[in-house]
Every structure is written in structure tokens, then in C-alpha cells.
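K.L.:
Quick one: the structure is below, and I'll ask about it shortly.
Please treat every number below as a calculation from the coordinates, not as lab data. These numbers were taken from a predicted model, which means no experiment stands behind them. Quick reminder, even Gly has a Cβ in these numbers, built from the backbone with ideal geometry, and neighbours come from all protein chains shown.
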């Protein structure tokens, strides 16, 4: 037990948390943008998966940043398809989302088997690249805190820094620009922006595209940094956990950041625990993030209801 | 709408014709897209298509596999129909199948497994476990407002990992290292439906009968009981239902619990069926989730569910054969599934292209028409 304690409070564990949180954080931000515009994006899972495969396949032939951009575009494309069917064809957006998930689950395995010549499990035979880590070891030169800063700040993926920037950018966009106000207005009460001449469906379409793009980058981080290479169903529910993180974060960028870090921390715990407890069942450890998501969702809902009741009482 | 019954009946037939036309059109488009994909990627595209569409009736064995899938797709389609009719998006059938399978296994491998009670008790235990698994997201939504999509999906993953763990480490198994339990005693395995020497429909068992019974029970519950009326009312217009004194939270929770019991039943049909007769990891092969497609195409109508399951089961089994006999992976069927869901759940109809280019974007207020009422 003490061993677990020391592991959790080590710098290496912090780095693991950042690594596991980054894909979650990116798709949580994507989910947040879509959710605030009133278009619940349940296809985050499929978008991440597609982004991951696209990034891996492109990285075989192109530099890593082209691959990440390709993963991003693939996600955005799925967002646009979703918007087309949900708004133009007036299908229920949740059903459309699940159709996208089914498309991604089947389509990625199909494409993988084509690309690898029959392997339906992994892309291990493809020479795919990784996203580089940012080396900040020059920070060691700073007296006293230098080595500590290096150990916690150095070695993160470029995309982790990008994700941190995205949190700020989304917050700035939502609360400091007129378009952010449009987006929130469209999500809050569509009839009013409609009357004011704001193109409601265009706003929602664009937010779904952005949502898909962010989830696609999340997938790229998963398949080009956390693991190098694509494996079948490798997102393993992260898109749905991200959806939970949006709700848990009270639909605010900073809250979503905290929720994504929380889930990332439990995933990191699930990563390090098998090394510490030899006899701990790996399956049950893998289930920890899901259990935490449900419990967090329920606890948060209790709090939200209490807040609502208090507001009603005033 | 109308108080003249004849007009009502005529409009119903018209609605059925529209729906069937929509489904057939969607199927045709989806198959055409899949064929183009196969054409571009396969060395022998026509053979692949031939295997997909014509090879099932060739052998009794594949017919048995097909009908067995139809029974299972019917049950999961019914479970999804129940929650969709109440307009809940509980996606937990998969998890319910796993806990149901675990409960049935527990009965089958206990001393009770060797008695006549093994099958009924196994099914009852499975339904109970599934109902509990369906009740959790229901109560969390009704009492606390926790999003049922997220919680039911999380419960799916938890159930899968639980099943993996129990099979690997706890339940008795024939030899170390295999990921299956011991075979159930014969008394705990649902008997074959047709035992005929020349006709080797091995997989088809009495689960098929259970599926038919389930269709009738769900239809009766939805359309001939006050619970069903309330459920459909809550699904149609929750505020109106609340104003007319219906406890919509109770209806919501009971719909999800009943759907959970169906999911659990499916679990016992899997592990106690002729296909397995034991518990293995990942035994349902993603079939449970495909109930979404069945429910959507059937417009959540219990009587239409088996018809859709018949067609979809055919495609699904055809894809498996195609996977084995040609160079086209079975996963291509995912593309077909997705396109069918997209087209059927949208306001697509035969002449949709014409309308698409004539009419401009619909106003936002009508943009989120519920799936069930999208028919024009």
C-alpha cells in the first residue's frame, strides 16, 4: 500500500496522468462545444477512433504533423456528416451519433485490414510515427526548483501542450467573443437567436465539426503517443467517458478540464496498479474509470439537483 | 386525428407502406454503397456479393445459424424498442446480456444445474440480473437526472470486464488458460427446436420460441395495457403526460427495468443456448448493440421487430460467410448498418433527393423532431 502511495505522489505518475488525460481532455472539449450549441455529440467515440486510425495510416507516409492534421480532418468530416443528417435530414441526433459510432467501429477494422493486408487486430506491422515529446530539460538550470520542474514539465506530448491551449481557447471563444455568445445562445434557447437572424443550424454544424476535429486530435494522441500504432477498438469507451466529463464539468471549460484530469488520473492508476499489486485482477482495474464515471455522474447530479432546489427556494 | 375508423385504417396502411418503402430504399442504398466499397477493395467482388446474399439457404446449418441470430436480434430489438418508445436512450442492453449470462451460468453450474429447474431458474436469474442492470441508469436518471446514455454505456463496460474477470479467475474451467467455463450439464442447456436426422439445424433451439413469446408479451404490454399507454404517452410528450397525472419517472424506470429483463433473458439464451452451453468471454459478439438498428428500422413497433430481425439477421450471417469464404472482412456490414440507421432515422423517403434540393434548411425549432414522429 505504501508503494502505491509513493507511486501516486511521484513526478512520473504526474506525467502519466497528463498522458492519459490528453486524449480525454481534447474530446471533452469537443463534446463541450457541441453540447453548449445544443447538439449532444454521442459520436465522440467513433470520431476518436477514426481520427486515431487516419493519423496512424497517414503517419506511415507523411510527417507526424500531417498525420495529426489528417486525424483532425477525419473527425471534422464525421462531424459534418452528423450535422448533415441531424439538421438537413432531420434525424434524431443521438441516433445519428450512434450510427457514426457503428460506422467507425466497423469502418476502422475494415480499413485496417485493407491497409495491413488482412490483419484485423493491430497496425503493428506498419511503420507509423509518434508525436514528439517536448523536451524542457534546460529548466534544470534554474536553481532549487529546476530538476523538479524538468521532471514534471518535460517529456509531454506536443499535443498535451496543445490541449492545455485548447482549454484556454475554448474558454476565450465561449465567454469573450460574440460568436461564443451566439453558440451559447443557440444551445440555451434556439428561438431567440433565430429571431435575431443568427443561423442556428450553421452554428450547430460548425460546432459539430469543431467537436469532431478535437476528438480526432484526441484519437491521434492516443494512437501516436500513448500507444504507437492502432489497435481495434482502442478508444475503449474514452469518447463516452468524455461525454460524462462534459456533464461532470458543469458544461464549463475549466470544469471539463478538472473532470478530464480526474478520469485521466484513474486511468493512470489503472495503468500503474498491475505493476504494484501482482495479484490484482487486471480486468477489474480496467473497469475503475467506468465505475468512477458513473459514481461521479450520480454524485454530481445530486449536487446539481440540490443547487436547483436552492435556487427554486429563493 | 380522425374519428372515422375506416379513414384511420386507410391512413395506417399508408403509413406502413411509407415505412416499408423507406426501409427498402435505405437497404438498397446501403447495399449499393457496400457493393462499391467491395468493388474497389476486393479481388473477386461479385463472388463476395454472391456469398453475402445467396449462400445462407444453401445449407441447413447456415439456416439454423441465421434463425438463431434472428431470435436473438428480436430480443435485443424489443429491449431497445421499449426504451425508445419511452424516449429514453438507454444503451445498456449489452451490459444486461453479460450480467444475465453470468447469472444463468451461476445457476447452471450450481447443484441446481443438474435438475429440471436449471433452465427456468437460469432464465429467471438472468432476467433479474438484467433488470437490476437496467434499473440502475433508470433510477439515476429519474431521481437524480444523471444522463442515461453515459451511465448505461459505462455499465456495459463494467459488465464486460466483470465477465472477463470471473471467467478467467473465478469460475471453474476445463483446463488452465482457456477463457471458457466448464460445459453446462445437459439439463441446463436449452434443447434443440428441431431434431431431425437429415436436417441438421444445430444452433436453432427453443430460444426461438421464447423470442416469439417475447414479441407478443411486449406488444400486449405496450398496446393493450394502461402501463403501455402511459409509457407511449411519456415518450410522446412527457410534459402532457405529467399534467395528466402520469408519474413519468415511474414509467421511465419501469421501462428501463423491463428492457433490462429482456437483455438478461438474451444473456441466458446465449450461454444456455445450443451455440455455447457454457460461458465464454465476449460471447455476444456485439449482437446486443445491433438491436439499435432493428428497433430504429422497426420504428420501435414490437410486431415489426421480428420482420426487421429476419432481414438484418440474414445480412449479418451472410457477412460472416463472406468473411470466411472471400477476402472481404465481415466488418463491411458496419457500413451498411450505419447507412441504414442514418437514412431510416432521417426524413428520407424514396424521392428525398428531389426534396433535398428544393427545400432549404429547416427551421431550428423542427430540427430535433423525435425519431418516432419523423414520418410525414
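K.L.:
Which three numbers, in whole Å and largest first, are the semi-axes of the equivalent ellipsoid of chain A derived from its Cα gyration tensor as √(5λ)?
P.N.:
31, 26, 20
K.L.:
Dividing the alpha-carbon Rg of the range A:103-233 by 2.2 N^0.38 Å yields what?
P.N.:
1.49
K.L.:
I would also like to ask the following. What average number of partner chain Cβ atoms lie no more than 10 Å from the Cβ of the residues making up A:296-307?
P.N.:
Going residue by residue through A:296-307 and averaging, the value is 4.
K.L.:
Right, something else. According to the square roots a ≥ b ≥ c of the eigenvalues of the Cα gyration tensor, what is the shape class of the range B:246-292, taking rounded for a/c under 1.5, prolate for a/b larger than b/c otherwise, and oblate for the remainder?
P.N.:
Because a/c hits 1.5 or more and a/b exceeds b/c, the range B:246-292 counts as prolate.
K.L.:
How do B:37, A:228, B:336 line up, fewest other C-beta atoms within 10 Å first?
P.N.:
Result, fewest neighbours first: A:228, B:37, B:336.
K.L.:
Give me the orientation-averaged projected area of the Cα convex hull of the range A:37-76, in nm², one decimal.
P.N.:
In nm², the orientation-averaged hull projection of the range A:37-76 is 2.8.
K.L.:
Which FRET efficiency value, to the nearest 0.05, is calculated for residue B:20 and residue A:119 with the Förster distance at 51 angstrom and r the Cβ-Cβ distance?
P.N.:
Result of the calculation: an efficiency of 0.80.
K.L.:
Compare A:55, A:164, A:213 in a GNM of chain A, Cα atoms joined below 10 Å, and give the one with the largest fluctuation.
P.N.:
Taking springs between Cα atoms under 10 Å, the residue moving most is A:164.
K.L.:
Going by how many other beta carbons lie within 10 Å of each one, how would you line up A:258, B:163, fewest first?
P.N.:
Fewest-to-most ranking of A:258, B:163: A:258, B:163.
K.L.:
A further question on this structure: Compute the separation of the alpha-carbon centres of the range A:194-248 and the range B:27-79 and state it in Å as a whole number.
P.N.:
Using only Cα atoms, the two centres lie 32 Å from each other.
K.L.:
Let me ask something else about it. Using just the helices of chain B, give the 222 nm mean residue ellipticity in deg cm²/dmol: DSSP H runs with n ≥ 4 each add -39,500 (n - 2.57), and the total is spread over all residues, rounded to 500.
P.N.:
Only helices count here, giving -21500 deg cm²/dmol.
K.L.:
List B:337, A:16 from most exposed to least, where exposure is judged by having the fewest other Cβ atoms within 10 Å.
P.N.:
Taking fewest neighbouring Cβ atoms as first place, the list is A:16, B:337.
K.L.:
Taking springs between alpha-carbon atoms closer than 10 angstrom, which of A:58, A:145, A:109 fluctuates most in the Gaussian network model of chain A?
P.N.:
Of A:58, A:145, A:109, the Gaussian network model singles out A:145 as fluctuating most.
K.L.:
If you don't mind, there's one more thing I want to ask. With the convex hull built on the Cα atoms of the range B:60-327, state its orientation-averaged projected area in nm².
P.N.:
Average of the hull's projected areas for the range B:60-327 equals 15.3 nm².
K.L.:
Another question, then. Would the protein assembly as shown count as rounded, prolate or oblate if I go by the C-alpha gyration tensor, calling it rounded below 1.5 in a/c and otherwise prolate when a/b exceeds b/c, oblate otherwise?
P.N.:
Note, shape of the protein assembly as shown comes out rounded.
K.L.:
While we're looking at this one, here's another question. Residue by residue through A:104-116, how many Cβ atoms from other chains fall within 10 Å of the Cβ on average?
P.N.:
5
K.L.:
While we're here: If contacts are Cα pairs under 8 angstrom and at least 6 residues apart, what is the relative contact order of chain B in percent?
P.N.:
Relative contact order, chain B: 32 percent.
K.L.:
What average count of beta carbons from other chains do you get within 10 Å of the Cβ of residues in B:155-166?
P.N.:
Shielding by partners across B:155-166 averages 5.
K.L.:
So what's the back-of-envelope 222 nm ellipticity for chain A, counting only DSSP H runs of four-plus at -39500 (n - 2.57) apiece and dividing by all residues, rounded to 500?
P.N.:
After summing the helix terms and dividing by residue count, I get -24000 deg cm²/dmol.
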